[in-house]
């Protein structure tokens, strides 16, 4: 509702301050080569501060910092506006809680007095028990998302640990029994299932204490039990995995995953910590990092990492074929890397691909360097900034540059499609000389029509990402290193750095729709590869080969996130043995510094039956790309892609 | 009991028997709230547009907060017998 200021200031900046950048971004989006927009969707407040201080305490703290700046003579006009924004907004938050409290007093139903008491307490101070803490989290979430226009990308800094002290105190003081707490969790978690946003609402569990012990506790199990019992898939849950993760917990989540009523991703601490430390975080900061969004990392209460552009990497190959001309834009958009006939050797071709790719990366970062100067002008982060003590100390917007790590992410999308396309050109054009490059260009232009034989040959080639093919994996490693070296740790516009990401979100579908046929045998409009996963149906050597190939991308060199999707046939993970199979796969990935792994467990028969008899499979879920959806909510085209993948298991 | 309230809460943000685009953010239109607790969306929108004209010269953090305050003051609210969590009519 409160989009009036956002929409006006967004247009003011993009249309009047930086119209050239705006036009460039429009072209990037229209071309399908880069999907880019100004991101306000990735904040995680300092939940410890929110729950320790409550709304009233956060307001008081902001007032105290304002006074301190005033006394120190550091309260500039800009800083005063920063504090005034926070103060006005938090006063309004407290006022609506008061309004809710008074409204609750008018009610006589069975829950009214309990709700009224809760509202009175959280209006005046910090929450006293687990129910009040949940109500604070919920109210913060709703106001931030609906009134402050910032998506909250984790409930709690590890929900089990954020609420742990409340849980223990409530049991000790007989405020609530375990059963009553379970019941409260049912109401709490179900809010996000009912909200039903496609991308899902994240929360994470577990982690490692400084002494090396696990952070999993009774509450972690309670949350999972409630979630499992309700059969919901939103919120989505990230679980931190390490050597110390109790087997009981692991087997619980594996069992949920293989029963397909889950939305769980396994986040391997060693690889993620390495990634976070690669841009300057300390060991302690890495140990306490938040998991946010789908499986992104971030230093707790001290990092903002915006998403900038989703680079459709296979476009680098297509721009080599067109010498940089973009058919959708009807203009030169990529670099001029020479006419196809001039690319006499694979070295020429490969060099041209890397140039085109670097150009897309630079185009993305250059746009972000311009528009990210204005994030807090477009959308000051009043709610969020109040939770970040460092921002209050500095007196600057936390989302703009008020935290220690003010970073920006650049996403590598369709990476396997890129690798497979490069390998196809190498094998079929230059090594085996089965097809001339201009003829391959004609095949792509015609979407493989009348080139069926060539298409089949290319698709059957073993030189595809995900098969642990030696040469392909060397190119995978090289191209992955190329991308990360062009992105990582380059300064951004907010005093931080850019970070590489191997994460596609929905772009593997959206960009796929906008992308013509590609040399790997993919048809125009088909899905591109997603995350660090192989192209649909191209991994034929089993899951160990896939893991080996994925590791050649060096997951921890993707400083923000890197995710591998694993598909397993239900027969491979049945019984007790199946739990050990899943553990073995996950731990072998974790021990070699993989970051996140998400499992999809099903068999092709079930999927086909579900496609034909949707009414019988109303609860069947599949993992999409960082979130789950109901099978019946996928288009037939998307369902077919899953069936194709399942046929390959 | 949650099991008795589940179906009701399912309609808190979107009516389950009506089309809902899960890509569309914050377009919550579930069961109706008590109209005496606040304004309709269209009234708030109009009020916001009018308010913006008066405060557009303020620094952005302050102007945004004033608009947020206006919406928070006028949005409908709910405290329901089927839910332990409050409702905002945004």
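FYI, it's all coordinate maths here, none of it is from the lab. Computed from a prediction, not measured in an experiment: that's the story for all the values here. Reconstructed Cβ throughout: ideal geometry from the backbone, glycine too, with neighbour counts over all protein chains shown.
With the highest mean first, a sort of the peptides A:449-462, A:535-548 on other beta-carbon atoms found within 10 angstrom per residue produces A:535-548, A:449-462. Size descriptors for the range A:376-492, from the alpha-carbon set: Rg then Dmax equal 23.1, 67 Å. Inter-part distance, the range B:1-30 to the range A:358-417, computed on C-alpha centroids, equals 33 Å.
Remark: mean inter-chain Cβ contacts per residue of B:12-18 equal 2, using a 10 Å Cβ-Cβ cutoff to other protein chain atoms.
Please state the shape class of the range A:167-220: rounded when a/c is under 1.5, otherwise prolate if a/b exceeds b/c and oblate if not, all from the C-alpha gyration tensor. Taking the square roots of the gyration eigenvalues as a ≥ b ≥ c, the range A:167-220 is oblate.
In terms of the Cα gyration tensor, with a ≥ b ≥ c the square roots of its eigenvalues, is the range A:107-262 rounded because a/c is under 1.5, prolate because a/b exceeds b/c, or oblate?
prolate
Computed across the range A:269-387, the Kirkwood radius stands at 17.5 Å (inverse of mean 1/r, all Cα pairs). Residues A:563, A:259, arranged from fewest to most other Cβ atoms within 10 angstrom of their Cβ, appear as A:259, A:563. By the count of neighbouring beta-carbon atoms within 10 Å, fewest first, A:214, B:36, A:472 end up ordered B:36, A:214, A:472.
Could you work out the relative contact order of the range A:15-156? I mean the mean sequence separation of Cα pairs under 8 Å and 6+ apart, divided by the number of residues, in percent.
Relative contact order of the range A:15-156: 32 percent.
With a 10 Å cut-off around each Cβ of A:184-190, the average count of Cβ atoms from other chains is 4. By the count of other C-beta atoms within 10 Å, a proxy for reagent exposure, B:57, A:141 are ordered fewest to most as B:57, A:141. For the pair the range A:186-251 / the range A:253-332, the C-alpha centres are spaced 20 Å from each other.
Ignoring everything except DSSP H segments at least 4 long, calculate the 222 nm mean residue ellipticity for the protein assembly as shown; use -39,500 (n - 2.57) per segment, divide by total residues, nearest 500.
-15500 deg cm²/dmol
Using C-alpha pairs below 8 Å separated by at least 6 residues, the relative contact order for the range A:597-649 is 36 percent.
Mean per-residue shielding of peptide A:191-199 is 6, counting Cβ atoms of other chains within 10 Å of each Cβ. Helix A:178-195 and the longest principal axis of the C-alpha atoms of chain A enclose an angle of approximately 50°. Between 0 and 90 degrees, the angle of helix A:19-31 with respect to the longest Cα principal axis of chain A falls at about 60 degrees.
Stokes-Einstein D for chain A at 25 °C, 0.890 mPa s, Kirkwood Rh over Cα pairs, in µm²/s?
Diffusion coefficient, whole number: 95 µm²/s.
Hull volume per residue, based on the alpha-carbon atoms of the range A:509-615 and their convex hull, is 148 Å³.
Across chain A, the mean sequence separation of Cα contacts (distance under 8 Å, 6 or more residues apart), normalised by length, yields a relative contact order of 16 percent. Rounded, prolate or oblate: which fits chain B, taking a ≥ b ≥ c as square roots of the Cα gyration tensor eigenvalues, rounded meaning a/c under 1.5, else prolate when a/b beats b/c? It is prolate, given that a/c is not under 1.5 and a/b is the larger ratio.
Helix A:470-487 axis versus longest C-alpha principal axis of chain A: approximately 50°, rounded to the nearest ten. A simple packing score, the average count of other Cβ atoms within 10 Å per residue, orders the peptides A:490-497, A:433-440 as A:490-497, A:433-440, with the highest score first. Stokes-Einstein diffusion for the range A:565-649, with the hydrodynamic radius set to the Kirkwood value over Cα pairs and evaluated at 25 °C in a medium of 0.890 mPa s, equals 177 µm²/s.
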